[in-house]
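Below is one structure, written out as structure tokens, with a few remarks after it.
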Amino acid sequence: LRVGRATRRLTYAQGAGRTGLGRLIELSAVGAAGDALITVALAGTLFFGLPVDEARGQVALYLLITMAPFAVVAPLVGPALDRFRSARRYVMAGTLMARGLLCWSMAAAVVSEDAVTLFPAALGVLVLSKAYNVSRAAIMPSVLPADISLVTANARVALFTLVSAGIAIPIGAGLAAWLGGEWVLRGTLVLFMVAGVHAVRLPRHVDAPDVEGDEEEEEAYGERRPARWRTLLNVGPAVAEAMRANAAIRLFSGFLLFFLLFVVQDGNLPGGQGKETIIAMLAGAAGAGGLVGAAVASWVRNHSTQVTVLITLAVSTVMGLVAGFLFNLWTAVAVALIAAFAQELGKLSLDAIVQREIGEEVRSSTFGVVEALLQIAWVAGGLAGLIMSLYSRGPAALTIIAALMGGTLVWLLIGRRRRLRGTEVRVAAARAGSRRHPAPETAGHAADPTATTATDVLPRPAGRGDRGDNPGHTKPLTNPHG
């Protein structure tokens, strides 16, 4: 009870209990624990039963299969979530309960070793998990307290999900060894069903008006509001820059995971330790790096997220070069820690940028595209690591991938400098033009104080950041329409 009360105080701190952020954190932690239990329950089945050092082909197939959920999330799930924004709570509850039902199917498939049922059910769980993550990221501005920044709120969610998954894994492993994986899956069914009920109890202001209301506003106000159908390829320079930097970091993480795994299995990592010990050290370093990244993200302010993304890319590049030139066990552990740190911090910063810059009408679709892009980059990095492990023992491959990341960083910095310089020129030109040619309507207002404009007569509807339920407890977006 004391632990539960202490956890509730942490999740509900700084107004998070009033706005619904605390409940969202608890819900996400339960979902992460359920996903971890599914992973443990399936360990040792046909997914994980092959020896790693003899399974390069199977691992390559696994990498390609992991892209399947994103082929559904990006073009289908994201737009559907944007269209039915008034039922977000029920959509999130549906993704959780459907995962529970699939757990029941997988439990029966594990007992009978029915791969025809197990494989599609596992893919369905992945799709629903990603759909939930997209929904959670899209509603974050709706539950944001006034005293917390977007990146801090995202970091809180990430910290609690990592901790809950870390607690669930040993518990699930013990239950699987005692009762069997099928009973772990059946218990996970109950967990997801309870989480689904909890999702429906999120505050009502999580739901937003559907697309039809936005279309009426667009017709009434013309170009002053963004078109609902605005292309996702034109997400703006800030979002595009953060996406590219995160794609490079994710490629680096995928490369390291599979390259170091096969280098260790082949006995090419100097260090004097056994293979199992080295893999445990690398896994521990990656887990610690993710926790540190989430903790650091809670200190980052909203206006510094773009710089933070570039810094994480720079740190990863430098560490990759160091590991390439000084390749041994300890530099491998260090680069695993830094890569996980950069991936977590960079992704949380990217989420905050999308939540700040992209309007509600395409926010879920944008997150779907972001998740798909990052997964493609991770798979590409994993395949590159798989191939390079056949021809390189470590230093050359790490140097090549670090050089690629360094080139990406230079390209992004040059583009950022050009963009900022162009913005300065345009602002200076606009100021100079306004001094030479004052607007005629301004002069008319000065002469006739009773004059009104169409904007004064036609009341502007409440913005997407306004909430009638309890507007004083949440913070409006800095740039809600991108």
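The values are calculated or read from the model by the stated rules, or taken from the named source; none is laboratory data. Note that the structure is a prediction, hence the values are computed from the model and not measured. Please note: Cβ atoms are built from the backbone with ideal geometry, for glycine as well, and neighbour counts cover all protein chains shown.
Points to keep in mind about this one:
- Candidate set from segment 297-317 (those that are without any contact (Cβ under 8 Å) to a residue 12 or more places away in the chain and of a type in the set (Val, Ile, Thr)); member that is farthest from residue 403 (Cα to Cα): 307
- Going through (1) under 26 Å from residue 153 (Cβ atoms); (2) free of Cβ contacts under 8 Å to residues at least 24 places away in the same chain; (3) among the β-branched types (Val, Ile, Thr) one by one, residue 139 falls short only on (2).
- Per the listing 59, 40, the residue uniquely at pLDDT below 85, of a type in the set (Val, Ile, Thr) and assigned to a helix (DSSP H, G or I) is 59.
- The lone criterion from (1) farther than 20 Å from residue 300 by Cβ; (2) within 23 Å of the chain's Cα centre (by Cα); (3) assigned to a helix (DSSP H, G or I) left unmet by residue 137 is number (1).
- Residue ID - surrounded by the fewest Cβ atoms within 10 Å (Cβ to Cβ), chosen from residues in segment 261-295 that are assigned to a loop (DSSP other than H, G, I, E, B), in contact (Cβ under 8 Å) with a residue 24 or more places away in the chain and out of contact with any Lys or Arg (no Cβ under 9 Å at 6 or more places or on another chain): 272
- Lone qualifier among 374, 413, 390 - being within 22 Å of residue 236 (Cα to Cα) and surrounded by fewer than 18 Cβ atoms within 10 Å (Cβ to Cβ): 413
- Lone qualifier among 112, 142 - being modelled with pLDDT under 90, polar (S, T, N, Q) and crowded, with 18+ Cβ neighbours inside 10 Å: 142
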